[in-house]
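Chemist: Would you mind keeping the following structure in view while I ask a few things?
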Amino acid sequence: MVECNGLLLCSTMSKRIVIWNRTQARWIDRDNLSLYDTYSLGHDGNNLYKLMKFNFGSFDIDGRECYGPEAEVYEFSSNSWREIGIIGDWSLLRPSMMVSVDGNSYWLASSGQVQVFIQSFDFSTDSFRAIQLPSTPLSRDMTIYDVSSSQGV
């Protein structure tokens, strides 16, 4: 579940997406939705709402890549999807820690062995951007807390 300015987004086990506020719901169907997709909700500088869907690909038992990372943006105003590029080699650490601020999305990500940073998605430019954490190095022993669940990441 993702929230942005009172709109809630939820993906379902039936591979459908619903976005709703207190008075109405909008269902979005798409043939290529996966249970492994992650979603983000935001808006551009003109307050036009968008949905961003991404996943990191899938691998078979032998470790060969079946398909690579992909990302798409759905524009509510045109009721259409389009592909966008995922820049960089990173992984989402915890989808439940994704937040929306001023229409853009932010979450913890990692790359390489331990490097942890904030990954963002700008809905005005439809682009990803990495934001480095403060200069104090993070170690494998450091715990990042999810205040909503009181459990460490």
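No lab work stands behind these numbers, since they all come straight from the coordinates. Because the structure is a prediction, the values reported are computed rather than measured. For neighbour counting, all protein chains shown are included, and Cβ atoms are generated from backbone atoms with ideal geometry for every residue, glycine included.
Chemist: Counting Lys +1, Arg +1, Asp -1, Glu -1, what net charge surrounds Ile17 among other residues with beta carbon under 10 Å of its beta carbon?
Modeler: With Lys, Arg at +1 and Asp, Glu at -1, the net is +3.
Chemist: Compute the length gained on full extension between Ser91 and Val18: take 0.36 nm times their separation in residues and subtract their Cα-Cα distance, giving the result in nm to one decimal.
Modeler: Full extension of this stretch gives 23.8 nm more.
Chemist: Between Ser110 and Glu83, what length comes free when the chain is fully extended (0.36 nm per residue of separation minus the Cα-Cα distance, one decimal in nm)?
Modeler: Extra length from Ser110 to Glu83 when fully extended: 7.4 nm.
Chemist: Tell me, what ³J(HN,Hα) does each residue in the range 13-30 have, in order and in whole Hz, if you take phi through Karplus 6.51 cos²θ - 1.76 cosθ + 1.60 with θ = phi - 60° and put x for Gly and Pro?
Modeler: Karplus values, whole Hz, x for Gly and Pro: 5, 8, 6, 10, 10, 10, 10, 8, 10, 5, 10, 8, 10, 10, 8, 10, 10, 7.
Chemist: Can you check what the net charge comes to around Asn104, using other residues whose Cβ is under 13 Å from the Cβ of Asn104 (Lys, Arg +1; Asp, Glu -1)?
Modeler: -2
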